[in-house]
Amino acid sequence: MKKILGNLLRFTIYLSIGLGILYLVYDNQNTAYQAKCTLDGKLPGDCQLVDKIIQDFTQVHWQWIIVIMFLFMLSNLSRAVRWHMLLEPLGVKPRFINSFFAIMISYFANLGLSRVGELIRATTLAKYEHARTNQVMGTVVVDRMIDAVTMLLFVGVAFLVDGRNIFGYLSRNAQIDSFKSLLYSPYFWIFSFLIVSFLVVAYRYRSRYSGHPLLAKIIDLLRGFRDGMKTIAKLKKPGWFIAHSIFIWLMYYLMTWLCFPAYDPTAHLGPIAGLTTFVFGAFGIVIPAPGGMGTYQFLVSEALAIYNIPGDEGFSFSMIIFFSIQIFFTIFFGVLGIILLPLINKKKVIQDEEEPTDHAAPILT
C-alpha cells in the first residue's frame, strides 16, 4: 500500500510539474497572441490561443504526420535491435516482440513518471525472458549513455552548420549573472561541503552497513550496471551497433524536419532549421518532466523564433508534433504492449511453471 501511495505521489508531483511548465509556456504565448490580436483590431476575449491550436490541428497536412510516425516506428525497431546486441554478451536472447514492446511501455510510463520508464523497461523484459533484472537494467543504462553520446554528436553538428544562430540565442538568453551569484553564495559551498563529507564518511564506514538489505540491492544494481558496461567491449558487431545508434537519432532529426511541411507557417524552413529545432527539442525531452511536457514546447518555440516564426505559431507546431508522437503514438503502442505481452508470453509462462529450470535467475521487483 505504501509503495502504491508513493508511486501515486511521485506521479502527481511529476505530472503537476509538467502541466505547470506547459501552462506557463501557454500563458506567455497566449498573452503575446492576444497582444497581436489587439493590433489587428480584435478583442482579446475573442482571441484565445487554445482556439487557434485546435484550428491549426484541423489544417495539418496529415500525410506528413503519418511519415514521421513511420520514422518513429523505425527508430524503435532499430533501438530494439541495438538492445539485443547489448544483451547478447550476457547470454540473454529475448524475443524481438518482447524487446520492442518493453521499449514502448517504457515510453508510456515516462509520460506519467519521468525516467521511471527505464526501470519498467528492464523489469518487463526480465519478467518475460527470465533474466536478471539488474543485468538488464545495466544494459538499459548503457543504452541511454550511448544515446547521450549520440545526441552530443548531433549537437556538435548543429553548432558547426548553424553556430551563428545558436550562439546568438545563447548570448541573448544566457544567465551569466545568475551563475556567478551561485558561485559566490555561501549556501552553495556549505551544501557542497556537506555532500562531500557525507560521501567520505559513508565510504569510510561502509563495512558497518554491508549487510543492510538496501545496500545489498544497491550493490547488486551496481554490479548489473558493471556487467552492462562490459557488454560494450564484447559486442560481436560494433560497426552495426554504431550504425544503429546514428540511425535512431537520424530518424529523430528527420521527424522534426519533415514535420515542417505538415504545418504551413513552418513549411518554408529547411534542414538546417530542422536540425537546430531538433537539438533544442531534444534537450526539452531529456529535462525531467513527463515526456518533456512543457519543456519541449518552450524550447521548440524558442528555436523556431530564431527563424522568425512567431511564438504562437511555434507553440502550435510543438503541440502538433508532441501530441502526434508523445501522446497518440506512445500511448497507443504502450497500452497495446501492456495488453499483448501477457498474451504473447502466456504459453511460455505456463511451460516454465510446469517445467521450472534450474538456471532461472530471481527477478527483483
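Read the figures in this text as sums done on the coordinates, not as results from a lab. All values derive from a computational prediction rather than experimental measurement. Glycine also receives a Cβ, built like all others from the backbone with ideal geometry; neighbour counts cover every protein chain displayed.
General remarks:
- Relative intensity, log₁₀ I(q)/I(0), of segment 47-173 from a Debye sum that treats every alpha carbon as a point, q = 0.15 Å⁻¹: -0.89
- Counting every other Cβ atom within 10 Å of each residue's Cβ, Phe298, Phe323 order from fewest to most as Phe323, Phe298.
- A simple spin-label model places the labels of Arg95 and Phe159 4.6 nm from each other, with each point 7 Å out along Cα-to-Cβ.
- When each of Ser171, Ser106, Ser316 is scored by the number of other beta-carbon atoms lying within 10 Å, the sequence from fewest to most is Ser171, Ser106, Ser316.
- Pair-distance profile P(r), taking every C-alpha pair of segment 74-126, with 10 angstrom steps and integer %: 27, 55, 18, 1
- Gain on full extension, evaluated as 0.36 nm per residue between Leu336 and Val196 minus their Cα-Cα distance, stands at 45.8 nm.
- In terms of overall dimensions, the C-alpha atoms belonging to segment 292-334 reach 36, 15, 12 Å along their principal axes, ordered largest to smallest.
- Inter-centroid distance (Cα atoms) of segment 111-165 relative to segment 232-255, Å: 12 Å
- Full extension of the chain segment joining Arg144 with Asn173 gains 7.6 nm, where the gain is 0.36 nm per residue of separation less the Cα-Cα distance.
- Ordering Arg82, Arg115 from the fewest to the most neighbouring beta carbons within 10 Å gives Arg115, Arg82.
- Inter-probe distance in nm under a simple model that places probes 7 Å from Cα toward Cβ, at Phe283 and Lys346: 4.9 nm
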